[in-house]
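The values are calculated or read from the model by the stated rules, or taken from the named source; none is laboratory data. Note that the structure is a prediction, hence the values are computed from the model and not measured. Because the Cβ atoms are built from the backbone with ideal geometry, glycine has one as well, and the counts that use them run over all protein chains shown. Quick note on the areas: whole protein, heavy atoms, side chains included, nothing else; ligands and nucleic acids left out. Shrake-Rupley method; radii C 1.70, N 1.55, O 1.52, S 1.80 Å.
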Amino acid sequence: EEEKEEEDICPCMYHYPTGDKIEMFDSDDLDEDSAFLVFDKNRKIKNAFFWIGDDSEFASKSSEEVEPIAISFLKKVFPSEEEIKIQLIGENFDEAEQDFWDLFVC
């Protein structure tokens, strides 16, 4: 049971669209061909982040097109009654700020 508690302390990263959870992740796991959902289940950092690789299927899409997909994916991997704000991170989207990179330190 202690092991499960420890697992819940660390932020989570999921590959889109497979939903595969990446264990013990770091920034090297961010593949430019893919998109990833990164968030802190403990909500120390309130936003969830949808990181979009420069060569992924979303790279040339608008925020208006990508955001509903990202929100739907978040609800799939982390069903919650709470409304979680999602931020799109990528070359054509928001720049990754410290809150995002802090999730990679666990």
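Assorted remarks:
- Filtered residue count, the range 41-57, keeping only those that are open to solvent by 10 Å² or more (accessible area, probe 1.4 Å) and either over 12 Å from Tyr14 (Cα atoms) or outside any strand (DSSP E or B) (or both): 11
- Among the residues making up the range 19-40, those that are open to solvent by 60 Å² or more (accessible area, probe 1.4 Å) and within 14 Å of Phe78 (Cα to Cα) are Asp20, Lys21.
- Cross-chain or 6+ apart pairs with Cβ under 6 Å, the range 83-97 first and within 12 Å of Asn47 (Cα to Cα), then assigned to a loop (DSSP other than H, G, I, E, B): Lys85/Asn47; Gln87/Asn47; Ile89/Ala96
- Within the range 23-40, if we keep just the residues that are part of a loop (DSSP other than H, G, I, E, B), modelled with pLDDT of 95 or more and not acidic (Asp, Glu), the residue that is nearest to Asn92 (Cα to Cα) turns out to be Ser34.
- Checked against the criterion of being closer than 18 Å to Thr18 by Cα and either touching a helix residue (DSSP H, G or I) at 6+ places or on another chain (Cβ under 7 Å) or open to solvent by 20 Å² or more (accessible area, probe 1.4 Å) (or both), the range 89-105 has no qualifying residue.
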